[in-house]
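The values are calculated or read from the model by the stated rules, or taken from the named source; none is laboratory data. Values in this document were obtained by computation on a predicted structure and should not be read as measured data. When we count neighbours, we look across all protein chains shown, and the Cβ atoms used for this are built from the backbone with ideal geometry, even at glycine. Please note that ligands, DNA and RNA were not included when accessible areas were found on the heavy atoms of the full protein model with its side chains. Shrake-Rupley method; radii C 1.70, N 1.55, O 1.52, S 1.80 Å.
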Amino acid sequence: MIRRLSTGISVPLLLLCVATVALWVRSYWVNDRVELTVPPHLYAIEAERGCVYVRLYDAGTKVEHADIVLSSDPVADGEGWENIPHHRWAGVQLFGDQRFLMISLWLPTVLAAGCGAFLFRRATAVPVHGVCASCGYDLRASKGRCPECGTPISSHTRTHL
């Protein structure tokens, strides 16, 4: 059960890693933006030059109705790979009526890849003979059940003791 769960979680994490890398590379050529307007606020998620920005603007009375806007604009000349910004890994900033959170895209990429690889490795690990499959307790002197966790000792494990 734990192996299936680990595999079931690791595969989406590794796919998230691939999607984040694709967004990371794309963000140096195209600025993608999603805006959600809910009076009196304007929320925006923007991928730009290797970072994701989550912004909150106080739109005040300028906004009359709710709206969603999707846009993709090419990066201006001279702002591609050659001018990679030296951002921190994450940050929160406040400027008057706007607040935003910035996350460099390498951070979720590394986290998703690390967690996904760890879980995948755990799910595909070859069981060691002579130890409990659940807790890893040494079963050489045990009969019937694991004295540590109570898991029944399988006949396959018993033949290799």
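For the list (1) loosely packed, with under 15 Cβ neighbours inside 10 Å; (2) closer than 26 Å to Asp67 by Cβ; (3) among the hydrophobic types (A, V, I, L, M, F, W, C), I need the number of the one condition that Val18 fails.
(2)
Of all residues in segment 115-151, which are open to solvent by less than 40 Å² (accessible area, probe 1.4 Å) and assigned to a helix (DSSP H, G or I)?
Across segment 115-151, the qualifying residues are Gly116, Leu119, Ala123.
Against the conditions (1) under 30 Å from Ser134 (Cα atoms); (2) charged (D, E, K, R); (3) modelled with pLDDT of 75 or more, where does Arg3 fall short? Just the number, please.
Condition (3) is where Arg3 drops out.
Looking at (1) over 20 Å from Asp32 (Cβ atoms); (2) modelled with pLDDT of 75 or more, can you tell me which one Thr61 breaks?
The single condition Thr61 does not satisfy is (2).
Working carefully through the options Val38, Val92, Val52, find the one that is modelled with pLDDT of 80 or more and β-branched (Val, Ile, Thr).
Answer to the check: Val52.
In segment 21-30, what residues are of a type outside the set (Lys, Arg) and open to solvent by 30 Å² or more (accessible area, probe 1.4 Å)?
Val21, Ala22, Leu23, Trp24, Val25, Trp29, Val30
On the basis of being open to solvent by 50 Å² or more (accessible area, probe 1.4 Å) and at pLDDT 80 or above, does Trp106 make the cut?
yes
Quick one: what pairs do we get from segment 9-27, first residue more than 12 Å from Pro108 (Cα to Cα) and in a helix (DSSP H, G or I), second open to solvent by 70 Å² or more (accessible area, probe 1.4 Å) and of a type outside the set (Gly, Ala, Ser), C-beta under 7 Å, 6+ apart or different chains?
These pairs meet every condition: Ser10/Phe120.
Does segment 113-128 contain any residue that is at pLDDT below 85 and more than 25 Å from Leu13 (Cβ to Cβ)?
Among the residues of segment 113-128, at least one is at pLDDT below 85 and more than 25 Å from Leu13 (Cβ to Cβ), which makes the answer yes.
Applying the selection to segment 28-53, what residues are touching a residue at least 24 places away in the same chain (Cβ under 8 Å) and in a loop (DSSP other than H, G, I, E, B)?
If the condition is that a residue be touching a residue at least 24 places away in the same chain (Cβ under 8 Å) and in a loop (DSSP other than H, G, I, E, B), then Tyr28, Trp29, Pro39, Arg49, Gly50 are the ones that fit.
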